[in-house]
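The values are calculated or read from the model by the stated rules, or taken from the named source; none is laboratory data. These numbers come from a predicted model, not from an experiment. Positions of Cβ are backbone-derived with ideal geometry, glycine not excepted, and every protein chain shown enters the neighbour counts. Please note that ligands, DNA and RNA were not included when accessible areas were found on the heavy atoms of the full protein model with its side chains. Shrake-Rupley method; radii C 1.70, N 1.55, O 1.52, S 1.80 Å.
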Amino acid sequence: MVNPQLTTFLQVADCGSFNRAADKLYISSTAVLKQVNALEKHLDLTLFQRTNHGVTLTYAGQVLYRHAKELLAAADKALTEARLAQETSATTFCVGTSILNPCKPFMDLWYQVSPRFPGFQLHIVPFEDNHQGILGEIAALGEKFDFLIGACDSRQWLDRCNFLPLGVYRHCVAVPRDHPLARKEKLTIQDLYGHTLMMVKEGDSPTVDQVRAFVRRHPAITIEDTPQFYDMEVFNRCVQTRQPLMTLDCWREVHPLLATLPVDWGFTIPYGILYTLEPDEDILRFLAAVKDRLGEGK
């Protein structure tokens with residue numbers, strides 16, 4: 001990284017002799033002299049006072065020596081950090097996390113299987129839940145993230161990633177904490193009569209479509225479409241309009257002004273690990289370890 005002429009200059013200054021510097025550098029004294037002369041010519045500076053007893057630095061040489069030492073130390077540090085970054089990148093899993101797709105379930109799995117991955121580390125990468133940008137985040141698997149974890153049966157998501165199911169989350173209903181329904185421990189479908197139920201629009205999620213088909217059989221409930229993918233604004237709208245919102249039990253802590261209630265309809269959605277369509281060997285090894293662990297738990 002550093003000009004070899006500068007390295008030679010430092011060695012000559014430390015040894016006080018072209019010959020001794022040549023021995024240290026394993027090159028001829030003529031080569032050392034040529035490099036120093038070329039450096040002095042390039043910089044238009046006289047760096048050494050030459051005598052029969054050796055060489056000493058001029059004042060200009062002393063200034064250059066001080067800064068060159070700092071430059072060499074900085075270059076060594078940069079190279080060390082770069083090599084460490086290269087080694088770390090090969091032994092690091094990057095895991096995305098957001099408010100609606102927190103990485104905690106992944107972390108719980110990681111601590112169970114990590115003994116099979118000595119030297120591997122996790123790097124947590126935050127991202128925003130934005131219904132307009134979430135597909136770009138999913139498409140970034142393999143580049144920005146190695147893994148995401150969350151509820152998924154979206155056709156659009158599954159066109160952009162692979163999915164390893166881990167379990168299911170229950171479809172629930174959220175209402176403001178001071179809403180009359182919030183006083184109930186569990187809702188029936190009849191509790192929603194006379195209300196407008198906010199839920200994901202039709203066509204992308206088979207499990208949501210099942211819930212919509214069920215709700216449609218109860219004409220006393222009006223359905224209002226939300227954006228295809230939830231973000232915080234959807235939860236804010238629930239607070240502002242006081243209309244019940246279909247949600248998931250894993251999102252009960254997302255908005256502090258909302259209460260999440262189970263419903264006796266029994267609908268669930270799968271959740272699990274999302275990963276790139278073209279996984280590398282390390283990702284496949286991790287997924288195999290997770291599958292083994294899940295098999296042990298059965």
Report every pair of residues separated by at least 6 positions or lying on different chains whose Cβ atoms are under 6 Å apart, first residue within region 125-154 and under 27 Å from Asp225 (Cα atoms), second open to solvent by 20 Å² or more (accessible area, probe 1.4 Å) and among the aliphatic types (A, V, I, L, M). Asp129/Ile99
In region 104-136, what count of residues is obtained for those that are among the β-branched types (Val, Ile, Thr) and under 19 Å from Ala289 (Cα atoms)? 1
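Report whether or not Tyr65 is aromatic (Phe, Trp, Tyr), free of Cβ contacts under 8 Å to residues at least 60 places away in the same chain and surrounded by 13 or more Cβ atoms within 10 Å (Cβ to Cβ).
yes
Conditions (1) of a type in the set (Ser, Thr, Tyr); (2) closer than 30 Å to Glu137 by Cβ; (3) touching a strand residue (DSSP E or B) at 6+ places or on another chain (Cβ under 6 Å), marked per residue:
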position	(1), (2), (3)
Gln5	no, no, no
Ser17	yes, no, yes
Arg50	no, no, no
Val55	no, no, yes
Gln62	no, no, no
Asp76	no, no, no
Thr91	yes, yes, no
Of the residues in region 45-62, those that are of a type in the set (Lys, Arg) and exposed (fewer than 12 other Cβ atoms within 10 Å of the Cβ) number 0
Do you know which of the residues in region 6-26 that are without any contact (Cβ under 8 Å) to a residue 40 or more places away in the chain and in contact with a Ser or Thr (Cβ under 8 Å, 6 or more places away or on another chain) is surrounded by the most Cβ atoms within 10 Å (Cβ to Cβ)? Ala21
